[in-house]
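S.K.: Questions regarding the structure given below will be posed in turn.
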Amino acid sequence: MEYDFRKIEANWKKYWIDQQVYKVSNDTSKPKCYVLDMFPYPSGAGLHVGHPLGYIASDIYARYKRLNGYNVLHPMGFDAFGLPAEQYAIETGQHPAVTTEKNIARYREQLDNIGFCYDWSREVRTSDPKYYKWTQWIFLQLFHSWYDRKENKARPVKDLIAIFEKEGNINTACPGDETLQFDSETWKNYSEKEKRDSLMQYRIAYQGYAQVWWCDALGTVLANDEVVNGVSERGGHPVERKNMRQWFLRITEYAERLLTSLDTLEWSEAMKEMQRNWIGKSNGAEVMFYLSPTLSEGEGDVIEHETTSFPKENEGVPGREKDGWNTADATVYNSIAGFRQDLKNNLTKAEDKLWQELRRNNLGVKFRRQHIVGKYIADFICLPYNLIVEVDGKIHERQKEEDAARTEYLEERGFRVIRFTNEEVLTDVNSVVGRIKKILSKANERDLANALISQEKGDNKLARNISLSSGEGRGEVSITVFTTRPDTIFGVDFMVLAPEHELVDDITTPEQKKAIEEYKTYVKSRSERERMSEVKQVTGCFTGAYAIHPLTEKQVPIWISEYVLAGYGTGTIMGVPSGDERDHAFAKHFGIPITNIFGDRYTGEEAYSAKTGIIENSDFLTGMSIAEATEAAINELEDIGAGKRKINYKLRDAGFSRQRYWGEPFPVMYVDDIPYGIDEPIIHNDWHLGHLPVELPMVEHYKPGPEGQGPLANIEDWVTTEAGQRETNTMPGYAGSSWYFLRYMDPHNDNEFAGRKATDYWNQVDLYVGGTEHAVGHLLYSRMWTKALYDLGQIGFDEPFKKLLNQGMIQGVSQYTKRFGINFSNVSESRTTEISFWGEGCINTPVIFDEPKVIYYSSDLNPLQEPVKVIVPIEFVDDNKLDFKNYLQNKIDLRDAIFACKNGFYLNGEYYSYPANNNEKSFFYTTPVVEKMSKSKHNVVNPDNVVRDYGADTFRMYEMFLGPIDVSKPWDTKGIEGVHRFLKKMWRLYADEQKGWIVTDEKATDAELRILHKTIKKIAEDIERFSFNTSVSQFMICVNELATLGCHKREILEPLAIAICPFAPHIAEELWHQFGHTESVIDASFPKYEERYVTENSKKYPVAVNGKTRIEMEFPLDAEQAIVEQEVLAEETIQRWMEGKPLKKFIYVKGKMINVVV
RNA sequence: GCCUCGAUGGCGGAAUUGGUAGACGCGCCAGACUCAAAAUCUGGUAUUCGCAAGGAUGUGCAGGUUCGAUUCCUGUUCGAGGCACCA
């Protein structure tokens, strides 16, 4: 009776299916345990040995929990929508549904081969209409929801409409557009389009704009993956960033909750840290930099260096010319209009105080506030007297000269400007009003005459006639930056806008327009990754505009550069070269003078970016620590109204549209270009279009639609319906995977995404197993969906995955060799080939061939010329030696190639010695390289072959034995022998080849019980802490010891069979039934650990002198220090090592060790 | 570039809380059984000095804390995963 694993495994696999052993019920009194694997994308390549690693781990855990009395949900399914299937369809014309079905069947077969305890009756596939019906339904819930920041949860949009009808959005800040403000009247008067547009700014699933990779040649949008080295992967066409209307999920509203509830999860710290960093909460300040007024010649920082910089060849764009400029640009008017309303609604304290004094003809004359003059906005203006009153921060104290020049300029045009600081207004408003009155009373004839004319002609005309130069009447157009280092505010030497920033065109001077446009074109070709990573090459372009530093009044040049991204913060940074490395490189490159605010710690060579030390050269911040200075700077900026404290998140809203075919269609239609959910009355009342799912229609081809739309846009009669136009985008890969764990709980429910009873019972996933590559994508999105569903009352928990186990990768070992091509110089003009080689201990022996040859070099040779690396498929290599017989059979064209080795060479598989070398035959070696297992590297090991040769049980245990589950490690099929031998050895404890079943009912000895219970304890502990490799070791130790003891006793072997069931279920099932049981072993109970069999009462202590272990001495476990000390010091070896020196300290750690310090 | 993780014999790895570094397995060497081979079994196997007893060195590299560091701290090198449209 030998261990016939093939028969045993086939037999029990059938039994499990026939008996439905792994079917899980939702109705049970048992405690539940939900063990889930991240579901696979069924690729055409099938599973390789790396894939099942996590599945085996979760299977062990699931079986272990079931043996411990839990009702265990352990399902599997397929993430079946995705780009590769569509790509394959484009190439071969096969429908993705067909290839996906085929791939799934293959995956299923491979998975079944390994003996997992999945309940396949619960399988889900994201591409199944019965499944994506509910993906679409959840999308609609998100579309019909907004995030209430006060209650901190998602709520139905109908609640929001009720609020708007009552009070407008005064108390409900708009997440999509902070400037959006309306009262209830305005709301009621809005058109349908205006209402829907406003609501869109609140919805959790909403439409906005995002940049995508656009490939003109292919006429399609490309995924990041499809863009390689700045060109399309297919065809190598140029690509550029293009702004497109897209669906988004407003995950940013969940940022704080996603962050704080991480603390409730049992995930690895590394994983949580990655999510924290992704969310990227930072405390800092928003600082406003006002645009500078006109610079006359010589004003401001003179830029002596280049003003634009592209990588390499694009140098030499003309620089800024140094005379005055005038941006009488219509776009500025538009910018102002919005600001004006803003300013009116957000008067500073000082402005408000003064306004109370000036309003309602209090001074006997009418004042207007936030009035547009020329292109700019005056705080207060008295038109009859042509008097402008400005209230600003104390910055004006430091800018008297400029103000004087400006006053003169205005006076020439009939205006008088009077300025007050916030402080003046706030502390003594009466004196301010007094001064205004005085000026009014002194108004001369000319003023009055002008005023009268103005009034006749009307305000508008006045505003047009009196044209101020760009930038004057400052306090109007400002640029807001977010900074985490407000303490470095005095070190600001320049500002950088993202090239996409909306103000760039407005502020660029005519002279710089061309350079800026060219630079923006360049940036369009750059990926965000490239823009962030390239640190050596500084690029950028000067806009010609300047901003005014809010505290120093210094003119700060405004640049654009690719290293500032539009989506981060405000898309603008303040450049502090002495404190930030990138800013430093930027300033150095463009010759921008650097202000040192760190004293000696800034050397001029490198930025001082450490967050310790004292701030210097910074006005009132000088001498403060960074923390103090940060506080003081924010306080000051808030006081003068130039900034405010701000929490910023790096997290961005999640793009949710793909211009693709193979994904979930959106349950959305456009009526008059307004998007509606198909569950809304306007769509379904008159028509029969309100039903989910919106099925993915068949298409004739997978080519893109017009203007970058997805293939669905080509199906005219699908897109156009009685009610409206269908959305032609599809959902991204993560749509289906964001909630699939809920569907497993109730997979056949046609009325709900999952019944509440089921979701309440199964609740959170107790153990979720998957790779770290999902750290921030899938795991963050499914957390958000869970929270949204929880907020809307659909489920009773707001975190999906309680415990997370990350599995590492199993890498492949690729084999490479080195080759010289025919065109190399070692082919002489007489068309001969000369082999010369240089290797350790070799003689350089030229061999001449009468025709050109391709030459391959064994890895122990070092050819002089740089050879080409060539992959050799691993099936042709054994122990790093090339197997010529097989290799040449498959590579017929290489039969004429030379394979040079140390002492000779191979030609068509035949070995020839070099004339001068009479040494023994040498091998042709390849070079092993550990890297990702993939088809393209020809290093894939198929689990089917391993299972065929060694059995599923061996395969499972070997995968676990390779090393810790969470670490990447290379696969080596050779090592599997050891595990296989172990199973055979264990089998021999139970059965003998000749004698058959040899288990006896004899009483077990203490030694046998000790090793059994030690093993039970270790296995249980190891499974709980997911240390499966050490479990396998312990089984080996146990079996080795039992074999040595000659143990064949049921008392020992029956529990052992149960204990190994999670790891090797087939052999466990076979042994269990051999014992006479008729139920499956999975319904047995995991053996109970009994301490009494294991306890020992003495220990061999390592005894060290000065930390170096010298001998071992045995003491009872409860030995007192005094006795131990006495005995140890009396020991001869210890005496010798003490060398007669006096005892300094005696360290005795009970149960651990003893150390004698002299 | 940024974030996260990792590095221990020829190889995969063990050492769970700072307490005998190298468990267990592979490979290799030697032996038993056999006509022989396979299978199985036994012993050895970090490096180095030594016949041995025994000693010295040793956990990527450089420092530090400690009676004691693979484990904690600082710096550094190399490798892996992620960086928002691969899944």
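S.K.: Taking region A:644-660, which residues are surrounded by fewer than 18 Cβ atoms within 10 Å (Cβ to Cβ) and more than 16 Å from RNA strand B (Cβ to nearest atom)?
M.R.: A:Lys644, A:Arg645
S.K.: Residues that are small (Gly, Ala, Ser), away from RNA strand B (no atom under 12 Å from the Cβ) and in contact with a helix residue (DSSP H, G or I) (Cβ under 7 Å, 6 or more places away or on another chain): find the helices (runs of 4 or more DSSP H) completely inside region A:1014-1075 holding 1 or more of those. Outline the logic, then answer.
M.R.: Details: elements: A:1028-1045, A:1050-1059, A:1065-1074.
In region A:1014-1075, A:1050-1059, A:1065-1074 are the helices (runs of 4 or more DSSP H) which contain 1 or more residues that are small (Gly, Ala, Ser), away from RNA strand B (no atom under 12 Å from the Cβ) and in contact with a helix residue (DSSP H, G or I) (Cβ under 7 Å, 6 or more places away or on another chain).
S.K.: On to the next question. Which condition number in (1) within 16 Å of RNA strand B (Cβ to nearest atom); (2) not in a helix (DSSP H, G or I) is the one that A:Thr1078 fails?
M.R.: Result: A:Thr1078 fails condition (1) only.
S.K.: Moving on to the next point. Out of A:Ile558, A:Ile573, report the one residue that is part of a strand (DSSP E or B), modelled with pLDDT of 90 or more, within 16 Å of RNA strand B (Cβ to nearest atom) and touching a strand residue (DSSP E or B) at 6+ places or on another chain (Cβ under 7 Å). Before the answer, list the steps.
M.R.: Working: A:Ile558 fails: within 16 Å of RNA strand B (Cβ to nearest atom).
Step by step, each of A:Ile558, A:Ile573 is checked, and only A:Ile573 is part of a strand (DSSP E or B), modelled with pLDDT of 90 or more, within 16 Å of RNA strand B (Cβ to nearest atom) and touching a strand residue (DSSP E or B) at 6+ places or on another chain (Cβ under 7 Å).
S.K.: Another one. Give the residues of region A:8-61 that are part of a helix (DSSP H, G or I), among the basic types (Lys, Arg) and touching a residue at least 24 places away in the same chain (Cβ under 8 Å), sorted by residue number. Even if it seems obvious, please write down each step before you answer.
M.R.: At the first step, the residues of region A:8-61 found to be part of a helix (DSSP H, G or I) are A:8-19, A:52-61.
Going one step further and asking which of them are among the basic types (Lys, Arg), we end up with A:13-14.
Of everything in region A:8-61, just one residue is part of a helix (DSSP H, G or I), among the basic types (Lys, Arg) and touching a residue at least 24 places away in the same chain (Cβ under 8 Å), namely A:Lys13.
S.K.: Among (1) under 28 Å from the mean Cα position of the chain (by Cα); (2) assigned to a helix (DSSP H, G or I); (3) crowded, with 23+ Cβ neighbours inside 10 Å; (4) modelled with pLDDT of 95 or more, there is one condition A:Pro75 misses while meeting the rest; what is its number?
M.R.: (2)
S.K.: Going through region A:78-95 one residue at a time, which ones are within 18 Å of A:Ala223 (Cα to Cα) and assigned to a helix (DSSP H, G or I)?
M.R.: If the condition is that a residue be within 18 Å of A:Ala223 (Cα to Cα) and assigned to a helix (DSSP H, G or I), then A:Leu83, A:Pro84, A:Ala85, A:Glu86, A:Gln87, A:Tyr88, A:Ala89, A:Ile90, A:Glu91 are the ones that fit.
S.K.: Could you check region A:1093-1110 and list, in sequence order, the residues that are surrounded by 12 or more Cβ atoms within 10 Å (Cβ to Cβ) and either more than 30 Å from A:Asp1006 (Cα to Cα) or more than 53 Å from the chain's Cα centre (by Cα) (or both)?
M.R.: Restricting attention to region A:1093-1110, the residues satisfying the condition of being surrounded by 12 or more Cβ atoms within 10 Å (Cβ to Cβ) are A:1093-1094, A:1099, A:1101-1106, A:1109-1110.
If the condition is that a residue be surrounded by 12 or more Cβ atoms within 10 Å (Cβ to Cβ) and either more than 30 Å from A:Asp1006 (Cα to Cα) or more than 53 Å from the chain's Cα centre (by Cα) (or both), then A:Ala1104, A:Val1105, A:Asn1106, A:Thr1109, A:Arg1110 are the ones that fit.
S.K.: Moving on. Specify the residue that is farthest from RNA strand B (Cβ to nearest atom); the eligible residues are those in region A:661-704 that are surrounded by 18 or more Cβ atoms within 10 Å (Cβ to Cβ) and farther than 22 Å from A:Gly724 by Cβ.
M.R.: Out of the qualifying residues, it is A:Tyr702.
S.K.: Of the residues A:Arg276, A:Arg245, A:Arg250, A:Arg234, only one is under 30 Å from A:Ile674 (Cα atoms), among the basic types (Lys, Arg) and surrounded by fewer than 17 Cβ atoms within 10 Å (Cβ to Cβ); which? Give the steps one after another, and end with the answer.
M.R.: Working: A:Arg276 fails: under 30 Å from A:Ile674 (Cα atoms); A:Arg250 fails: surrounded by fewer than 17 Cβ atoms within 10 Å (Cβ to Cβ); A:Arg234 fails: under 30 Å from A:Ile674 (Cα atoms).
Exactly one of A:Arg276, A:Arg245, A:Arg250, A:Arg234 is under 30 Å from A:Ile674 (Cα atoms), among the basic types (Lys, Arg) and surrounded by fewer than 17 Cβ atoms within 10 Å (Cβ to Cβ), namely A:Arg245.
S.K.: Answer yes if at least one residue in region A:958-971 is within 33 Å of the chain's Cα centre (by Cα), surrounded by fewer than 18 Cβ atoms within 10 Å (Cβ to Cβ), part of a loop (DSSP other than H, G, I, E, B) and modelled with pLDDT under 85, and no otherwise.
M.R.: Among the residues of region A:958-971, not one is within 33 Å of the chain's Cα centre (by Cα), surrounded by fewer than 18 Cβ atoms within 10 Å (Cβ to Cβ), part of a loop (DSSP other than H, G, I, E, B) and modelled with pLDDT under 85, which makes the answer no.
S.K.: Looking only at residues that are in a loop (DSSP other than H, G, I, E, B) and charged (D, E, K, R) in region A:1140-1155, which one is farthest from RNA strand B (Cβ to nearest atom)? Before you say what the answer is, go through the steps one by one.
M.R.: As a first pass, look at region A:1140-1155 and keep what is in a loop (DSSP other than H, G, I, E, B): A:1140-1144, A:1150-1152.
Okay, now just the ones that are also charged (D, E, K, R), so A:1141, A:1144, A:1150, A:1152.
Details: A:Lys1141: 13, A:Lys1144: 8, A:Lys1150: 10, A:Lys1152: 3 Å.
Ranking the candidates gives A:Lys1141 first.
S.K.: Give the number of residues within region A:1081-1107 that are away from RNA strand B (no atom under 16 Å from the Cβ) and more than 30 Å from A:Asp992 (Cβ to Cβ). It would help to see each step written out before you state the result.
M.R.: First, the residues of region A:1081-1107 that are away from RNA strand B (no atom under 16 Å from the Cβ): A:1081-1088, A:1090, A:1092-1093.
Keeping just the survivors that are more than 30 Å from A:Asp992 (Cβ to Cβ) gives A:1092.
Number satisfying all stated conditions: 1.
The values are calculated or read from the model by the stated rules, or taken from the named source; none is laboratory data. What you see is a predicted model; the values in this text were computed from it and never measured. Please note: Cβ atoms are built from the backbone with ideal geometry, for glycine as well, and neighbour counts cover all protein chains shown.
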